[in-house]
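Can you read through this structure? Questions will come right after.
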Amino acid sequence: MATTNGTLSVVRTRTGRRCSHVETIDLDSKEESSVLVIYSGGTIGMVINEGGALVPASNALGRHIRRCPFLHDVEYAKKRFGDKCETSAFVLPDTKRARRRVLYTLLEYEPLLDSSNMTSDEWIAIAEDIKKWYKSFDGFVILHGTDTLAYSASALSFMLENLGKSVVLTGSQLSLFEPRSDAKDNFLESLVIAGNYVIPEVTICFGRKLYRGNRTTKMDTEGFSAFDSPNALPLATFGIQIEVNYRELFRPIVIEKFRVHSKLNSNVALLRLFPSITLQTVSAFLRPPIQGIVLQSYGSGNVPSNRVDILEMIEAAIDEGLIVLNCSQCIRGSVSNAYETGKVLCDIGVTSGADMTPEAALTKLSYVLTKDEWSVEKKREMLERNLRGELTVTSPTPSMSEAVRMVSFSAKHNLELDPYTAANVLFPALLGSAVLDDNPNRIEQLLSSGADLSQPNVDQRTPLHIACCEGKTSLVEFMLQKGASVHTKDRYDHTPLNEAVQHDHHEIIKLLVNCGAHLMIPPKVLGEKLCKAAIRGDVTKLKSYKIAGANLNQCDQSGRTPLHVAMLHGHKECALYLLGEGCRMDAEDMMGLTPRDYAAKAGSIGMVTLLETKNTLHHVKVL
Ligand code: ASP
């Protein structure tokens, strides 16, 4: 059964919740960005049923959003989409302080769920949809119930490997249909983040704060500030300005593409200790099919060390291959070996969960257990390792010494600069000059002084943009391994990949693509760029686009492919290259003309011959 909801068609399948079609958005202005909103359910779209209980309402949220001036700008949509504006993408109103207008599409799941009814199947469905639409959107927002939001965010943070784009989960305490709802702010701020910032993490946006998803826990059943991340600072706060805490962002530091790990192990459990717990209770948690448990111990990781019966049973289970991950029952702080009652766990082979939330610990366990290529030892080791910023590792605090030096300089010269402004303005400039000087040591120094590779300069350009433009291949590699983002767009809408393509740095293009970068150019615009290169006979440029992942058969607005114009202008080398790359000779432009017709009309006999020898291309040397 297919239903249409604004910009999407939803198709119900056997499993009940797959969606077949999403309209992608062709951005035609540098001031726009595109966001896919996945709507899984939750209070945000609930209504009261006949029994007086809140339940999700299908096909209602999209219609409501279209009538909410604070979530949809009808005038902009009319201008932008004309007759189609009633079913087009939604347009976030101009928030003045955000640089880009966010155009968003709603993908509503069928059925919508109260998040208490969600399972790991839904996490997998969400992860698969992000994978499917990853290249088509700048960022993702997931509308979700608040009850199990922290579990979903934690699970997704592990499943989305080498994530390079913003994935923001949000929900609300009151439905969007209610006048006093917190849904409006939570949804709107999430869209602003997903459409304007590259925060390559799974985050939760709630109560005017952006948190790392796997650090977050639901703290309040009633208040609008329902979430907190007790062991980690918020990644951003929303006041008059949006303050992004760049230094806190977690980034992948390997040169690998984004991928989704869509398997989770359900044979895991949370065992919360309490005084006088019986051996039978503990034993129920340690038996097959259970493969891993999160042991919620007291305080800083303590258990009754006088309960030899329990400890012996846990030790025997660990020897059999079960994983026991120790986390604290306290909301804040970490487990440690400070007390004898904590050290006993370490002695019997229990794995330390450091300061992970129970939600993060359980989903991490569930994720790690499906890594079949890892031994049990490796799984235990990975559980103790910081994979997505879910636990605290002690690293030297940035000294900010550079920033402080800058402030004293500015004080001396009567410039008004507080340390934060200094850091935001001057660090990107200093990093930029270190890139120009090809000086990785200086970059390293600046980073340890508090600079951040993702902090853009006044033109929204990052050090990676500069290195890609200047052709500094080893610096690009160095910065990617330090977590530089490949998706940040500058004021002119250029990503680092655009820079590398524009300047034909093929090795850099390869590096960026291997790190998950992809062209974000609407097809027809890409067609124009390719045709322009072919008009000039610029094979190097066509190669740049090809390495960046472009389809060289892409046509321009008039239906002309690069091969058409190469024929028209008699560029033999270029035509040979395109033919060698499998470009189509039968592609017709708007007037039904093929590359062969172009060559004939241009009176280029050599080019016609070239086409005729297409099947023996490797023999064609001189024409
Ligand atoms: N029970 C609801 C849910 O988790 C609560 C909410 O969304 O706030 O779906």
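Please go through segment 481-515 and give me each residue that is assigned to a loop (DSSP other than H, G, I, E, B) and either within 18 Å of SER136 (Cα to Cα) or acidic (Asp, Glu) (or both), ordered by number.
Answer for segment 481-515, where residues must be assigned to a loop (DSSP other than H, G, I, E, B) and either within 18 Å of SER136 (Cα to Cα) or acidic (Asp, Glu) (or both): SER485, VAL486, HIS487, THR488, LYS489, ASP490, ASP493, HIS494, THR495, ASP504, CYS515.
Is there a residue being out of contact with any Cys (no Cβ under 8 Å at 6 or more places or on another chain), free of Cβ contacts under 8 Å to residues at least 24 places away in the same chain, among the hydrophobic types (A, V, I, L, M, F, W, C) and more than 16 Å from the ligand (Cβ to nearest atom) anywhere in segment 97-109?
Within segment 97-109 (the criterion being out of contact with any Cys (no Cβ under 8 Å at 6 or more places or on another chain), free of Cβ contacts under 8 Å to residues at least 24 places away in the same chain, among the hydrophobic types (A, V, I, L, M, F, W, C) and more than 16 Å from the ligand (Cβ to nearest atom)), the answer is no, since none of the residues qualifies.
Also, I was wondering about something else. When you look at LEU511, is it over 15 Å from ARG560 (Cα atoms) and buried (at least 16 other Cβ atoms within 10 Å of the Cβ), yes or no?
Yes, satisfied.
Quick check on LEU446: is it in contact (Cβ under 8 Å) with a residue 40 or more places away in the chain, aliphatic (A, V, I, L, M) and not in a loop (DSSP other than H, G, I, E, B)?
So LEU446 passes the test.
Still on this structure, I have one more. Quick one: VAL35 ticks every box in (1) in contact (Cβ under 8 Å) with a residue 40 or more places away in the chain; (2) open to solvent by 30 Å² or more (accessible area, probe 1.4 Å); (3) away from the ligand (no atom under 16 Å from the Cβ) bar one, so which box is it?
Condition not satisfied by VAL35: (2).
Right, something else. Give the residues of segment 249-290 that are open to solvent by 30 Å² or more (accessible area, probe 1.4 Å), part of a helix (DSSP H, G or I) and either touching a residue at least 40 places away in the same chain (Cβ under 8 Å) or among the hydroxyl-bearing types (Ser, Thr, Tyr) (or both), sorted by residue number.
Selection gives THR281 alone.
Now for a separate question. What helices (runs of 4 or more DSSP H), lying completely within segment 520-568, carry at least 2 residues that are open to solvent by 40 Å² or more (accessible area, probe 1.4 Å)?
Once the helices (runs of 4 or more DSSP H) in segment 520-568 are filtered for at least 2 residues that are open to solvent by 40 Å² or more (accessible area, probe 1.4 Å), what remains is 523-535, 539-547.
If you scan segment 366-387, which residues turn out to be assigned to a helix (DSSP H, G or I) and not β-branched (Val, Ile, Thr)?
If the condition is that a residue be assigned to a helix (DSSP H, G or I) and not β-branched (Val, Ile, Thr), then SER366, TYR367, GLU377, LYS378, LYS379, ARG380, GLU381, MET382, LEU383, GLU384 are the ones that fit.
What number of residues within segment 450-471 are in contact with an Asp or Glu (Cβ under 6 Å, 6 or more places away or on another chain) and either free of Cβ contacts under 8 Å to residues at least 12 places away in the same chain or open to solvent by 10 Å² or more (accessible area, probe 1.4 Å) (or both)?
4
ASN514 - would you say it is among the polar types (S, T, N, Q) and touching a residue at least 40 places away in the same chain (Cβ under 8 Å)?
yes
Give the residue that is most open to solvent (accessible area, probe 1.4 Å), with candidates limited to residues of segment 82-99 that are within 18 Å of LEU36 (Cβ to Cβ) and assigned to a loop (DSSP other than H, G, I, E, B).
THR87
Within segment 225-245, track down each residue that is outside any strand (DSSP E or B) and away from the ligand (no atom under 14 Å from the Cβ).
Correct list: SER229, PRO230, ASN231, ALA232, LEU233, PRO234, LEU235, GLY239, ILE240, GLN241, ASN245.
I would also like to ask the following. Under 6 Å between Cβ atoms, which residue pairs at least 6 apart in sequence (or on different chains) link something in segment 219-231 that is modelled with pLDDT of 95 or more with a partner that is aliphatic (A, V, I, L, M) and within 12 Å of the ligand (Cβ to nearest atom)?
Final answer for the pair search is ASP220/ALA226.
Looking only at segment 543-555, decide whether some residue is aromatic (Phe, Trp, Tyr), at pLDDT 90 or above and in contact with a His (Cβ under 9 Å, 6 or more places away or on another chain).
no
A further question on this structure: Could you tell me which residue of segment 586-605 is least open to solvent (accessible area, probe 1.4 Å), considering only residues that are modelled with pLDDT under 90 and part of a loop (DSSP other than H, G, I, E, B)?
Here the residue is SER604.
Residues in segment 528-558 that are within 27 Å of the chain's Cα centre (by Cα) and within 24 Å of GLY592 (Cα to Cα): how many?
2
Counting only residues that are surrounded by fewer than 17 Cβ atoms within 10 Å (Cβ to Cβ) and assigned to a helix (DSSP H, G or I), which one in segment 111-131 is farthest from the ligand (Cβ to nearest atom)?
Of everything passing the filter in segment 111-131, LYS131 is farthest from the ligand (Cβ to nearest atom).
Continuing with this model, one more query. When segment 61-81 is examined, which residues are found to be in contact (Cβ under 8 Å) with a residue 40 or more places away in the chain, surrounded by 14 or more Cβ atoms within 10 Å (Cβ to Cβ) and in contact with a helix residue (DSSP H, G or I) (Cβ under 7 Å, 6 or more places away or on another chain)?
Answer for segment 61-81, where residues must be in contact (Cβ under 8 Å) with a residue 40 or more places away in the chain, surrounded by 14 or more Cβ atoms within 10 Å (Cβ to Cβ) and in contact with a helix residue (DSSP H, G or I) (Cβ under 7 Å, 6 or more places away or on another chain): LEU61, LEU71.
The values are calculated or read from the model by the stated rules, or taken from the named source; none is laboratory data. Note that the structure is predicted; figures quoted are calculated from it, not measured. No Cβ is skipped: glycine too gets one built from the backbone with ideal geometry, and neighbour counts run over all protein chains shown. Just so you know, the surface numbers come from the protein's heavy atoms only, side chains and all, with ligands and any DNA or RNA stripped out. Shrake-Rupley method; radii C 1.70, N 1.55, O 1.52, S 1.80 Å.
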